[in-house]
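Novice: Just dropping this structure here.
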Amino acid sequence: MDNNDKASSNQIKDAVDILPEGIRKIVLGRLNEIVGYEPRIGIMGKTGSGKSSLCNAIFKGEECPVSDVGACTREVKEVRIRFGKRSIYLVDIPGVGESAERDSEYENLYSGLMPKLDLILWVIKGDDRVLAPDERFYKDVLIPAGGKSKTLFVLNQVDKIEPFREWDEQNSCPSPRQMKNIVEKKEYISQYLDFPEHPIIAVSANEGYNVTHLVEEMVRALPKYAQSAVTAQVKEEYKTKKVIEEAKDGFGDTVERVIDEIIDMAPISKPVATLAKAAKKIVVEGIKKVWDFFFG
Ligand SMILES: Nc1nc2c(ncn2[C@@H]2O[C@H](COP(=O)(O)OP(=O)(O)OP(=O)(O)O)[C@@H](O)[C@H]2O)c(=O)[nH]1
Ligand SMILES: [Mg+2]
């Protein structure tokens, strides 16, 4: 432990000090789990859509060696990205664009994988006109595996959308005519896919266009307990006020829910439980104050 670690762990200890002794240790243990959570994000999309480029654009940190997950013929590649002491896992999910035989091995692979993923980024190339493979895979495999609410569609490479010569190099953004076509394309895809749960976000990974907006939508779409750990891994320029506030609130809510759970489960007397409930808000506020230490 370095001094920073010590300072922050002391601040956590101080924050839970107000809780009755009977549950303090359990709360502390769960807090450490929440703070150390390692998120897992699935990346889907046809080859060449820009999956790797997009991940490189969003996340900081060093890529660690690729490992193969699951003993399946269709391999799922997982990359661990590390920044400082934190890690995030990016899971390269194959299948889109392959002939989608719906054999049981395939279904097992996806339904086994789905609960482990906090979010799925599904990348579609801006000028791709053949959406049928994406649609089929989304509807036949991903939705049945329980992935609908986790899937965020990303329209990438919008710098290539017609009239592509009009791309505003200076400001790294689409021309008005390109913008009109981008909006139409998003609407078309949205309808084609029966209106996904989250808005489709148009970006250019190479030009850095609209990645800020994408990161904001990612954090919003993530489960609360994963928001902060993902925020910690995105490049500094994408840690906007909005992103940090959303993540901090999600963190506070998670801590509050966990304390509630512990109060309900722990073998403590009614008066002690009442005391703990009264102290909960103060603990949450105290913990939120050290958010920067862990995730900033
Ligand atoms: N113009 C433009 N090119 C892009 C953009 N994003 C990616 N590309 C290019 O598209 C090509 C494919 O990008 P990758 O990131 O390798 O695509 P991928 O989806 O990871 O491909 P696979 O790993 O083969 O499945 C590369 O030449 C990228 O430079 C973008 O936003 N704009
Ligand atoms: Mg790639």
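The values are calculated or read from the model by the stated rules, or taken from the named source; none is laboratory data. In this text the structure is predicted, and so the values were computed from the model without any measurement. Here the Cβ is made from the backbone with ideal geometry for all residues, glycine too, and neighbour counts use every protein chain on show.
Novice: What pairs can you find where one residue is in region 120-146 and within 15 Å of K160 (Cβ to Cβ) and in the same structural domain as E217 (by TED's automatic domain parsing), the other is within 16 Å of ligand 2 (Cβ to nearest atom) and β-branched (V, I, T), and their Cβ atoms are less than 8 Å apart, with a gap of 6+ or different chains?
Specialist: V123/I43; V123/V154; I124/V154
Novice: Going by the conditions given, is N108 modelled with pLDDT under 95 and among the polar types (S, T, N, Q)? So that I can check it myself, show each step before the final result.
Specialist: Details: modelled with pLDDT under 95: yes; among the polar types (S, T, N, Q): yes.
Answer is yes for this residue.
Novice: So R177 ticks every box in (1) modelled with pLDDT under 95; (2) outside any loop (DSSP other than H, G, I, E, B) but one. Which box is left unticked?
Specialist: With (1) modelled with pLDDT under 95; (2) outside any loop (DSSP other than H, G, I, E, B) applied to R177, the lone miss is (1).
Novice: Within region 1-35, work out how many residues are within 22 Å of R257 (Cβ to Cβ), in contact (Cβ under 8 Å) with a residue 24 or more places away in the chain and not β-branched (V, I, T).
Specialist: Adding up the residues that qualify gives 9.
Novice: Follow-up question, since we're still on this one. Does A232 satisfy the condition of being touching a residue at least 40 places away in the same chain (Cβ under 8 Å), outside the structural domain of K85 (by TED's automatic domain parsing) and among the small types (G, A, S)? Before the answer, list the steps.
Specialist: Working: touching a residue at least 40 places away in the same chain (Cβ under 8 Å): yes; outside the structural domain of K85 (by TED's automatic domain parsing): yes; among the small types (G, A, S): yes.
Against the criterion (touching a residue at least 40 places away in the same chain (Cβ under 8 Å), outside the structural domain of K85 (by TED's automatic domain parsing) and among the small types (G, A, S)), A232 qualifies.
Novice: Looking for whichever is within 16 Å of ligand 1 (Cβ to nearest atom) and buried (at least 16 other Cβ atoms within 10 Å of the Cβ) here; the options are T212, T254, T231. Which one fits?
Specialist: On the way: T254 fails: within 16 Å of ligand 1 (Cβ to nearest atom); T231 fails: within 16 Å of ligand 1 (Cβ to nearest atom).
Going through T212, T254, T231 in turn, just one is within 16 Å of ligand 1 (Cβ to nearest atom) and buried (at least 16 other Cβ atoms within 10 Å of the Cβ): T212.
Novice: Scan region 119-166 for residues that are away from ligand 2 (no atom under 16 Å from the Cβ), aliphatic (A, V, I, L, M) and outside any helix (DSSP H, G or I) and jot them down.
Specialist: Initial filter on region 119-166 (away from ligand 2 (no atom under 16 Å from the Cβ)): 119, 126-127, 129-153, 155, 158-166.
In the following step, the residues that additionally are aliphatic (A, V, I, L, M) were identified as 119, 130-132, 141-143, 145, 152, 155, 158, 161.
Answer for region 119-166, where residues must be away from ligand 2 (no atom under 16 Å from the Cβ), aliphatic (A, V, I, L, M) and outside any helix (DSSP H, G or I): L119, V130, L131, I143, A145, L152, L155, I161.
Novice: Among the candidates D168, D159, which residue alone is in contact with a strand residue (DSSP E or B) (Cβ under 6 Å, 6 or more places away or on another chain) and surrounded by 13 or more Cβ atoms within 10 Å (Cβ to Cβ)? Working first, answer last.
Specialist: Values: D168 fails: in contact with a strand residue (DSSP E or B) (Cβ under 6 Å, 6 or more places away or on another chain).
Every option except D159 fails the conditions.
Novice: Looking only at region 186-236, how many residues end up being in contact with a strand residue (DSSP E or B) (Cβ under 9 Å, 6 or more places away or on another chain), of a type in the set (V, I, T) and over 19 Å from S149 (Cα atoms)?
Specialist: 3
Novice: Can you name the strands (runs of 3 or more DSSP E) wholly within region 63-103 that have at least 1 residues being modelled with pLDDT under 60 and within 16 Å of ligand 1 (Cβ to nearest atom)?
Specialist: Working: elements: 67-69, 76-83, 86-92.
Output list reads 67-69.
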